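Structure first, then comments.
Every read-out reported here was derived from the displayed coordinates using simple, explicitly stated rules and does not represent laboratory data. Bear in mind that the values here come from a model prediction, so they are computed numbers and not experimental data. All Cβ positions, glycine included, derive from the backbone under ideal geometry; neighbour counts span all protein chains shown.
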Amino acid sequence: MTLTQTLFEALDAVPLVDPHSHINPRWATSDTIADLLGYHYYTELAHSAGMPRSRIEEPDITPHEKVARLFEYLHHINHSVQWSWFLELSNDLFGFQAESIDTSNWQKLYDLALAKMSQPSWEDEVLRKSNVQRIFLTNDFDDPLDDFDTYRYVPCLRTDDLVFHLALPQTRERLAKATGIQVANLKDLQDAIGSLFAHFVKYQVRACAISLPPWFSPTAIAVDDASAQAAFQRLLASQSVSQSDREIVAYWVFWRLAEFCNDMHLPFDLMIGVNRKVYPEGVFQGQDLYDSRWSMIQYAELLNAFPKVKFPVSVLASVSNQELVDYAWIFPNVIANGHWWYSNTPTFIQHDLRARIDAIPRNKIIGYYSDAYKLEFILPKYKMFKRILANVLAESIVIERRLSESFAIDLGTQILRGNVDSIFFSQE
Amino acid sequence: MTLTQTLFEALDAVPLVDPHSHINPRWATSDTIADLLGYHYYTELAHSAGMPRSRIEEPDITPHEKVARLFEYLHHINHSVQWSWFLELSNDLFGFQAESIDTSNWQKLYDLALAKMSQPSWEDEVLRKSNVQRIFLTNDFDDPLDDFDTYRYVPCLRTDDLVFHLALPQTRERLAKATGIQVANLKDLQDAIGSLFAHFVKYQVRACAISLPPWFSPTAIAVDDASAQAAFQRLLASQSVSQSDREIVAYWVFWRLAEFCNDMHLPFDLMIGVNRKVYPEGVFQGQDLYDSRWSMIQYAELLNAFPKVKFPVSVLASVSNQELVDYAWIFPNVIANGHWWYSNTPTFIQHDLRARIDAIPRNKIIGYYSDAYKLEFILPKYKMFKRILANVLAESIVIERRLSESFAIDLGTQILRGNVDSIFFSQE
Amino acid sequence: MTLTQTLFEALDAVPLVDPHSHINPRWATSDTIADLLGYHYYTELAHSAGMPRSRIEEPDITPHEKVARLFEYLHHINHSVQWSWFLELSNDLFGFQAESIDTSNWQKLYDLALAKMSQPSWEDEVLRKSNVQRIFLTNDFDDPLDDFDTYRYVPCLRTDDLVFHLALPQTRERLAKATGIQVANLKDLQDAIGSLFAHFVKYQVRACAISLPPWFSPTAIAVDDASAQAAFQRLLASQSVSQSDREIVAYWVFWRLAEFCNDMHLPFDLMIGVNRKVYPEGVFQGQDLYDSRWSMIQYAELLNAFPKVKFPVSVLASVSNQELVDYAWIFPNVIANGHWWYSNTPTFIQHDLRARIDAIPRNKIIGYYSDAYKLEFILPKYKMFKRILANVLAESIVIERRLSESFAIDLGTQILRGNVDSIFFSQE
């Protein structure tokens, strides 16, 4: 067994806590492989390869028909890492052993998977095979939280709507319904946000999270700031709100979130860099891209203002990784978190992970999260990461730095699991 | 034979169509090695290493003298990848077998090459040894196109002059001469551009192309836009034209080009990122550099407006590669195209190619183009690329993703050749 | 012995001249390992891992107590490349052989090192073991220079204070004291700077150096420019100086420095990209970070204006490396210099060095400098670099480009040593 294999086997035996996903705890696994192939990674790549959106998103087609249609285009991505996830989960979870999955054999897979997915034990079986104990969710602020097992599915308060979409009446209506507070001014808004935090804390929330656009440069705006109050009034009153007012309100709310995280001892996951709807004609969830011209320095004021809040930071593009490494090297409250979305491919993971392991304190590297929408994807995504982690540890730690195999395994275990425990589950 | 060697041999047997060059079809090969060493890669590097421009560009020196002078400095670059191209072509095309080429032996090479180049069959021989069937050109808009074989040398309409240099009277005179239209307003200009497209289409043009500066952010400006008309009038009238007027006219023309590409079903090659004349005292063609702070998001409006135009995109710097990968992942009309100029070195090709193969649909990766000015360079540049491609396929596809050798060869063949055919030679 | 080992052994035998350090020539080595572990790389990483600054920087604690406290946190960085430097120097300089250094055995190391450091021959011994002949310093403009051996410790005029801190009265007082000139206007200032250069030249200065923030875009401002004069008057008069005035004065002084470098035939080291005090609550020297959004194009005017001044350029982040490579490829006066600070980790060195060796003339690559504050760090830092250099030469030069081992060793020797001689010690 090679060094890398030895390390992989050891890491593969570590029980996982997945610190970020989009799992719906009430419908965590798939009903058919249409739920798997409906993952935006596949629909957007099929569309990118030439498949019209109207064929993919035609209403009222059956799952079976949807899968049949997608396979007309999926051979265009059969080399990609995204496709390798589907191949690997089909093998490991359904026992479907084939060199490729294509128009010639998908029907067999469909039936095999359907049989597996129909069993009541499927959710448990997937988790057991994936070696996963707990999974963080992405909960809307008005999610009830009382209808699932919050030990297995860890609540995480997602706050994009509060920061960016308060200009939409429906957001404010949802907020009023969730908190009982009709928000008429910033004081009300602060109370409403406080009420949400109290609700989430009651249900063992373990993180607050938000995704942020490249232009975001948060700055302190006091609760009683008159111009913020005026901007918020205009936002409540008007149909067409200026970008400037939106930004003022966004920064005001964001700062309040950081304050509540501080008060509640909650880590605040920052997922930085996404521009929404860059390609509005794209498929569902396949419309977002980015502008890589931003800098961690936009967060310097925040990081200085909240030294006790842990900020696990994800960056969208690999060109931001060195800034993340170096801000985590200097700021005690910056933690490098996973490999997000467009950087969740082997070339970038390998490069970014090596740089992190070179220079960040080992208690501040959260190796990975699945970002999965369905439980079945946790297994192949983590396997990909564990192979790369084993490889990086072999090269950087054992060969370059001449430390022992057991040292490398300890380090890898901490990166894969230990830091999730210490960062999200220890209240200081 | 190692895996990488097996893959390389298979890829090396694929007949090529080179989708971008600066070959002059009326003078495609070199007369002496002065034509090869006069390639700006060598003159600019010799100059960078200390050779005065006046020594390189002294008028009326013989080719022999030029070569003699250059070899006083070329030992400073004998380790570089650019020099490896010259070593490899000297070996493969001239049969010059030597560990190095330097002041001690260049005379022998000079004579050997001269004998080869003087043979009437030289052009055919170079193409045969290079395994190249067709080569795209870079044609000025007023190139006659009727005096060469447009099967072997595929016309490509280069449009930099139209977009960026209409303020120069000589550009407008060339346009008038080529089209018979004296451009007095934007309507005339549109007609003239239309006439150019018709001319090129008559001669089987297969692409429109342009190189673009980092600041370029194309936006729709309608044909009858009054402020564009006014800007164009000022540009026609004035000696000193404002940057703002230049930009308005540039965007107006660029949008028309995209419309004609749409109407004519022509791919539009975008080569993004170059600043011209950053070092005006540099040698001929050795004055351009760049500012890597630009984003693909500057092209979002264009990409959304022309969903049916294929945009093969080249980026100048490797830090832009992930944006290119991700825009090609999401936008059906974005194609990743080759490794351009300052990114055409092994370190960047390897990193950029791996990232593309990880995540872009396989029908949207154009592996390489030579960018050559003389046919002799096609062989060593493509060899370099094929070695790297073989290596990336071995690591990413066969080892990491555990797909078969034949799968890797099929994928490599598509990247090297198949996509050139399907993107430039199939009219939808 | 593998190819990489063969190359490493040959390179390791090359006597070094270290072209940039912060060594104090009057106190060049450490008194205890507290001087080594007080290096900001360790204090800032210990702080980042959770150690309060007040514990690290408590006044009047003994060196022994300081080390004891640090070891409560240093296990958090025992995987890092920074820690590997300490492990390696402890082994090679003190003969301390242990798999790890931690709370269980640091006391033994402390005593062993103390005994070594107390010997009068320690400075010579460290230099001999490090194979170092000469070391460049970082001298303040008012450093006397007459109380150390300027052959061994090569003076280098550091100019940050002159460019960025003339608004501080104490800077102007230091300048007056050093030059005898009470600066009342720009003419005085020019005379004072000239006086400093004369002083440094008398003591065999071999370079002028400066570190620069990302926003810096130097431009020519004439000696008799009235608006610069007015800005300088406001700066002399006022307590609160505008950022605009600061920048004008900074550019004015910077341009004068370049002129003096030109007149005195001195290389001008530019270390580009650092923002100071981004984390003001950080430990001493552990507060600086950066914004990677800058471009070499900001220096185009300077590089064009001073073609005879050699500019060894260091960049803070690896995303700037390709720009550096390409500006060094085109501009004769740009030299790629070392791997600075946050880019001085194996992942970035490897990637950046490969790209430089691909494409920059070999006489314009300065491989490395230690940046060390104490002589003991020169050995492990250079060892790390030499291992990477051997590896890159093996892969790029011997395997990829199929050149010989002896070719690779010659190239490596030039990169490691030869170019330091030719760039800093040959007066044209």
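For the reader, a short list of remarks on this structure follows.
- Calculated SAXS-style log₁₀ I(q)/I(0) at q = 0.04, 0.06, 0.09 Å⁻¹ - the protein assembly as shown, Debye, Cα scatterers: -0.24, -0.56, -1.35
- Sorted from greatest to least, the principal axis extents spanned by the alpha carbons of the stretch C:74-132 come out as 34, 23, 15 Å.
- Between copies, residue C:62 shows label-point distances of 8.4, 8.4 nm, shortest first, with the point placed 7 angstrom from Cα along Cα to C-beta.
- Placing +1 on the Cβ of every Lys and Arg and -1 on the Cβ of every Asp and Glu, with no other charges, gives chain C a dipole of roughly 480 debye about its Cα centre.
- Dipole size of the protein assembly as shown about its Cα centre, with +1 on Lys/Arg Cβ and -1 on Asp/Glu Cβ: approximately 300 debye, rounded to the nearest 20.
- Among C:375, C:168, C:316: highest mean-square fluctuation, GNM of chain C, C-alpha pairs under 10 Å: C:168
- Listed pairs A:374/B:364; B:116/B:202; C:129/C:277; A:187/A:310; A:277/A:310; A:383/C:108 exceeding 32 Å between Cα atoms: B:116/B:202; C:129/C:277; A:383/C:108
- Annotation: peptides C:378-386, A:63-71, C:143-151, ranked by per-residue average of other Cβ atoms within 10 Å with the highest first, follow the order C:378-386, A:63-71, C:143-151.
- Distances between equivalent label points of residue C:146 across the copies, with each point positioned 7 Å along Cα→Cβ, amount to 8.5, 8.5 nm, shortest listed first.
- Residue-averaged beta-carbon neighbours from other chains (10 angstrom radius) around A:280-290: 3
- Note: relative contact order over chain B, using C-alpha pairs below 8 Å and six or more positions apart, is 21 percent.
- Fluctuation leader among A:245, A:269, A:60 - chain A, Gaussian network, Cα springs under 10 angstrom: A:60
- Helix A:186-202 vs. chain A, principal-axis angle (Cα, 0 to 90°, nearest 10): 40
- Amide proton proximity set for residue C:18, modelled H, under 5 Å, gap of 5+: C:133, C:134, C:135, C:136
- Selected from C:344, B:209, C:212, residue furthest toward positive end of dipole (the protein assembly as shown; charges at beta carbon): C:344
- Against the rule of thumb 2.2 N^0.38 Å, how large the Cα Rg of the stretch C:288-392 comes out: 1.07
- Taking a quarter of the surface of the Cα convex hull of the stretch C:78-187 gives a mean projected area of 10.8 nm².
- Shape annotation for the stretch C:31-121: C-alpha extents along the principal axes are 35, 30, 21 Å, from largest to smallest.
- Partner shielding of A:351-360 amounts to 6, given as the average count of beta-carbon atoms from other chains within 10 Å of each residue beta-carbon.
- The stretch C:305-354 and the stretch A:216-234: distance between their alpha carbon centers, rounded to Å: 43
- Highest-fluctuation residue, C:180, C:273, C:412 considered, GNM on chain C with Cα pairs under 10 Å: C:180
- Each peptide among C:388-395, A:119-126, B:404-411, C:86-93 gets the average number of other Cβ atoms lying within 10 Å of its residues, and from highest to lowest they stand as C:388-395, C:86-93, B:404-411, A:119-126.
- Distances in nm from residue B:118 to the matching label points in the other copies, shortest first (labels 7 Å along Cα to Cβ): 8.3, 8.3
- Dipole in debye (nearest 20) - the stretch A:1-56, about Cα centre, beta carbon charges: Lys, Arg +1; Asp, Glu -1: 320
- Helical mean residue ellipticity (222 nm; -39500 (n - 2.57) per DSSP H run of 4+; nearest 500) of the protein assembly as shown: -14000 deg cm²/dmol
- The rule of thumb for compact globular proteins, 2.2 N^0.38 Å, goes into the C-alpha radius of gyration of chain C 1.01 times.
- Highest average packing first - A:415-422, C:355-362, Cβ atoms within 10 Å: C:355-362, A:415-422
- Rounded to whole Hz, the Karplus (6.51, -1.76, 1.60) HN-Hα couplings of the stretch C:268-281, x for glycine and proline: 10, 6, 10, 10, 9, x, 8, 9, 8, 6, 5, 10, x, 8
- DSSP-defined antiparallel bridges as percent of all bridges, chain B, nearest 5: 10
- C-alpha long axis of helix B:346-359 to longest principal axis of chain B, angle in °: 60
- Taking every Cα-Cα distance in the stretch C:1-158 and sorting them into 10 Å bins from zero, the calculated P(r) comes out as 9, 32, 34, 22, 3, 0 percent.
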